[in-house]
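Some notes on the structure that comes next.
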Amino acid sequence: MIDFAALKRDRRAALAATAGLGVLLALAPFLIGAAAGATWLRILDFALLYIMLALGLNIVVGFAGLLDMGYIAFYGVGAYLYALLASPHFGLHWPVWAILPTGALVAGLFGVLLGAPTLRLRGDYLAIVTLGFGEIIRIFLNNLNAPINITNGPQGISGIDPIHFGSVSLAKPIDIFGFSLPSLHAYYYLFLLLALGIVFVTIRLENSRIGRAWVAIREDEIAAKACGINTRNIKLLAFAMGASFGGVAGGLFAGFQAFVSPESFSLMESVMVLCMVVLGGMGNIFGVILGGALLTILPEVFRHSAGPVQQAIFGKVLLDPEALRMLLFGLALIVVMLYRPAGLWPSTRRRQEFKGSAA
Amino acid sequence: MDIFIQQVINGLVLGSIYALVALGYTMVYGIMGLINFAHGEVVMIGAMVALTVISMLSDSGLPGIVIALIGLGAALPVCMGTGFAIERIAYRPLRRAPKLAPLITAIGVSIVLQNLAMLIWGRNYHAFPPILPTSEHEIFGATITGLQIAIIVIAALMMAGLILLVQRTKLGRAMRATAENPPIAQLMGVDINRVISLTFVIGSALAAVAGLMVSANYSIAHYYMGFILGLKAFTAAVLGGIGNIAGAMLGGILLGLIESLGAGYIGDLTGGFLGSHYQDVFAFFVLICVLVFRPSGLVGEKVAERA
């Protein structure tokens, strides 16, 4: 795709490319807002949230090779924590800077809680246990409105405080030196900042002792153990790390939506995030970002075109646009995987592996 | 006590259906090491096709049993064809690919089938016409319907047939050889492509029967029913030890019993704190406990850690 090797050799080109990307990311909300309107700006904000989620799951699945199919539970934990600590439901109104770290911590604890009993499990057994764990969390969120009302059950919690810093609320246009920054733009910059933070942490982790230990466990757990890696702690760390990223994203989601309900944390969501990781290119941070962006935007493109295109061709809407959109999405998943089984943008190591096994 | 017996009966009926579906998962997993995520949708398609045919014939005056059999006769080939096509399109090209790639295509197939069903049959629930005779029998103070007896008996017969097929026939031997080691099986003259295709077809046939059973038992069918049913059946297969046929049957029956007993007694056990809507929590909790102590399922062979 992009010739990274050349960029590495030429520092000035690298600098220019980074600057270009920076300008593009900074201007993106204005360009998209002007070209496509607020709907797509909102989708862009969601894409950033999903990218954070996908990066978190990538640590567990991509780096450490632990197939987690209940990942959305941590997103849910983060979101509900925000909802409980900053809404009229309990009358608590904690500030954001206190909630997000708490959310990361609590989600991380849940990650350890899930990881600890599953250390001995491998592959598909791990998949089904994590899946069960995700469902258990969702069912509890759905039913903990009696005997004590904690989560408000299926109705969810509404009226959540928007993300705000002091008196500056991101839900309203922000005045900066006489220039008004709309809410969706402000959220975009906040999410972008945090997403970049997560990207930075992930890149640093990947090239650290811990990151190499994860890869070693993924490749061969017994050999990793023999090399002196404390596989138990390192695996738990992967779960906790991935979960805490999910928790942060969940908190942001709750503040952004101002509403949470158990419906947002179904198994299908876990599956979607997993698809982002695998389809983008497991283990490669840029691939995962691509996967996250693509799988958030693609269904929306289908949503906005499924009805009108039929209208234009047949003069009326013949097929249920909602079903048609998911049908096309499913087909896209199949086709991409058939033609690029290692993902759209695989990590160098996986690309080599795949070549090796295909030969 | 009669409540207990009643729950056991309900659990056995549910468990028989889970077991039939779980067999589809476990056969495919045993042979290819792949979770056939789309299997639940095959069950759904079986239920929908059977229900459509049965609804069309419900006024024809034919006896109920005959109509049900015609419905099944329509569902079987459709499901078998679907299973065959799934393997050909979504799994065969990826047999040498990284392990998660077929998982994603499976999810894709599942989404496609679900939405295809939604386009064909709409979003509404379809009621199963009351064509089957409703006779009730008393056992130890609990009631069991003729339909429930039929479900348990038919499921048992099909499972027995499957065991005979796998243990006694030439195809069964080829299946076991392929499960053991595909390249070596191929060297011994087994056409593994054919064996794998047939595995999918057989699993899908079981799914068609299970689909008819579910929709008849609950008098309802819906385009989304395959998802949760598949999830439960897969859980059952893992509970028993995935890849193991006897394990899938045991896991299915056990999961059915756990669910219905759990739903019946969870309120008493927790002093009314948790109600019957926690029945799924109960099922998954048992699953996690079993796997923590027996990481390869109840009757799964202990897989040697790779050297």
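General remarks:
- Residue ID - surrounded by the fewest Cβ atoms within 10 Å (Cβ to Cβ), chosen from residues in region B:33-51 that are within 11 Å of chain A (Cβ to nearest Cβ) and either under 11 Å from the mean Cα position of the chain (by Cα) or β-branched (Val, Ile, Thr) (or both): B:Ile35
- Test: residue in region A:117-139 that is under 20 Å from A:Pro88 (Cβ atoms) and surrounded by 17 or more Cβ atoms within 10 Å (Cβ to Cβ): no
- All of (1) crowded, with 19+ Cβ neighbours inside 10 Å; (2) more than 12 Å from chain A (Cβ to nearest Cβ); (3) of a type in the set (Phe, Trp, Tyr) hold for B:Tyr125 with one exception: (1).
- Residues that are within 14 Å of chain A (Cβ to nearest Cβ), of a type outside the set (Gly, Ala, Ser) and under 25 Å from B:Ser296 (Cβ atoms) number at least 3 in the following helices (runs of 4 or more DSSP H) confined to region B:171-253: B:225-240.
- Candidate set from region A:115-150 (those that are part of a loop (DSSP other than H, G, I, E, B) and within 9 Å of chain B (Cβ to nearest Cβ)); member that is nearest to A:Ile234 (Cα to Cα): A:Arg120
- Qualifying residue in region B:78-101 (condition: in a loop (DSSP other than H, G, I, E, B) and farther than 30 Å from A:Tyr339 by Cβ): no
- Residue within region A:177-193 that is within 14 Å of chain B (Cβ to nearest Cβ), within 24 Å of A:Leu109 (Cα to Cα) and either surrounded by 14 or more Cβ atoms within 10 Å (Cβ to Cβ) or modelled with pLDDT of 90 or more (or both) present: no
- Number of residues in region B:168-204 that are closer than 23 Å to B:Gly81 by Cβ and not β-branched (Val, Ile, Thr) equals 12.
Quick grid of which residues meet (1) surrounded by fewer than 18 Cβ atoms within 10 Å (Cβ to Cβ); (2) over 26 Å from B:Ile154 (Cβ atoms); (3) out of contact with any Phe, Trp or Tyr (no Cβ under 6 Å at 6 or more places or on another chain):
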| site | (1), (2), (3) |
| --- | --- |
| B:Leu72 | no, no, yes |
| B:Thr82 | no, no, yes |
| B:Pro93 | yes, yes, yes |
| B:Pro102 | no, yes, no |
| B:Asn115 | no, yes, yes |
| B:Met118 | no, yes, no |
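- Conditions (1) under 25 Å from B:Leu100 (Cα atoms); (2) of a type outside the set (Ser, Thr, Tyr); (3) surrounded by fewer than 20 Cβ atoms within 10 Å (Cβ to Cβ); (4) in contact with a helix residue (DSSP H, G or I) (Cβ under 7 Å, 6 or more places away or on another chain): number failed by A:Glu219: (4)
- You will find that of B:Ile151, B:Ile184, the residue that is closer than 30 Å to B:Leu132 by Cβ and among the aliphatic types (A, V, I, L, M) is B:Ile151 and no other.
- Count - residues of region B:183-204 that are over 30 Å from B:Ile17 (Cβ atoms) and surrounded by fewer than 18 Cβ atoms within 10 Å (Cβ to Cβ): 8
- Residue match in region B:121-135 (condition: out of contact with any Lys or Arg (no Cβ under 8 Å at 6 or more places or on another chain), over 25 Å from B:Ile45 (Cα atoms) and modelled with pLDDT of 80 or more): yes
- Elements of type helices (runs of 4 or more DSSP H) contained in region A:228-328, each with 1 or more residues being on the phi > 0 side of the Ramachandran plot and either small (Gly, Ala, Ser) or within 14 Å of chain B (Cβ to nearest Cβ) (or both): A:267-281
- Scope region B:102-131; condition assigned to a helix (DSSP H, G or I) and aromatic (Phe, Trp, Tyr); matching residues: B:Trp121
The values are calculated or read from the model by the stated rules, or taken from the named source; none is laboratory data. Since the structure is predicted, the reported quantities are computational estimates derived from the model, not experimental observations. Note: ideal-geometry Cβ built from the backbone for every residue, glycine included; neighbour counts use all protein chains shown.
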